[in-house]
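See structure below.
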Amino acid sequence: MSEENVKIVRQLLEHWERHEWGSGRELYDESCEVVFSTAWVPDPGAYSVGREALGALTAFLDSFEEFTIGVDQIFDAGESVVAFSWIRARGRASGADVDAKVGCVFTLRGGKIVRYELMGDRREALAAAGLS
């Protein structure tokens, strides 16, 4: 099942790399929780998947005039999948450049994502997934 979980997360991240933020809804469980735990997200916290999470993500993305996300590595962590990603962006108001390496932890059950957490630090993501 682990290889299948990695494949599911890779599919979702490919949507994100193409800025298809609303795509891949079929990959999430109906009760999925989305958590933006990093301090640099304007509205950190937990959201229900769907309109609520997409609204928080859209508010975050709207603060940038340019935004690109990419994936360095995706790996199995048992019940979870960890993705090391990068974000390159330019602030809309400040014009400041952002070059961040982030960690994402996806928890899957029954072939669906039941929890997704964006963390501002890759070590934090490893720890959350029970890895060192």
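The values are calculated or read from the model by the stated rules, or taken from the named source; none is laboratory data. In this text, all values refer to a predicted model and were calculated from it rather than measured experimentally. Cβ: placed from backbone, ideal geometry, glycine included. Neighbour counts: every protein chain shown.
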Seminar exercise, completed: The correct count of residues that are free of Cβ contacts under 8 Å to residues at least 40 places away in the same chain, surrounded by 14 or more Cβ atoms within 10 Å (Cβ to Cβ) and not in a loop (DSSP other than H, G, I, E, B) in region 9-60 is 8
For this session: Pick out the one residue from 49, 9 that is farther than 19 Å from residue 74 by Cα and among the β-branched types (Val, Ile, Thr).
Result: 49
Problem set entry | Boolean, residue 117 is touching a Gly at 6+ places or on another chain (Cβ under 9 Å) and closer than 20 Å to residue 2 by Cβ | yes
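Can you go through 80, 85 and tell me which one is among the polar types (S, T, N, Q) and farther than 13 Å from residue 129 by Cβ?
Working: 80 fails: farther than 13 Å from residue 129 by Cβ.
The unique qualifying residue is 85.
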Seminar exercise, completed: Residue count, region 105-124, condition in contact (Cβ under 8 Å) with a residue 40 or more places away in the chain and either β-branched (Val, Ile, Thr) or closer than 15 Å to residue 34 by Cβ (or both), comes to 10
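Yes or no, residue by residue, for (1) under 11 Å from the mean Cα position of the chain (by Cα); (2) surrounded by 14 or more Cβ atoms within 10 Å (Cβ to Cβ); (3) part of a loop (DSSP other than H, G, I, E, B):
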{"position": "90", "(1), (2), (3)": "no, yes, no"}
{"position": "94", "(1), (2), (3)": "no, no, yes"}
{"position": "98", "(1), (2), (3)": "no, yes, no"}
{"position": "101", "(1), (2), (3)": "no, no, no"}
{"position": "105", "(1), (2), (3)": "yes, yes, no"}
{"position": "108", "(1), (2), (3)": "no, yes, no"}
{"position": "113", "(1), (2), (3)": "no, yes, no"}
{"position": "116", "(1), (2), (3)": "yes, yes, no"}
Seminar exercise, completed: Of the residues in region 1-49, those that are under 19 Å from residue 87 (Cβ atoms) and basic (Lys, Arg) come to 10, 18
For this session: List the number of the failed condition for residue 38; all other conditions in (1) under 19 Å from residue 12 (Cα atoms); (2) at pLDDT below 90; (3) under 13 Å from the mean Cα position of the chain (by Cα) hold.
Result: (1)
Exercise. If you go through region 1-35, how many residues are within 17 Å of residue 70 (Cβ to Cβ) and within 12 Å of the chain's Cα centre (by Cα)?
Worked result: 9
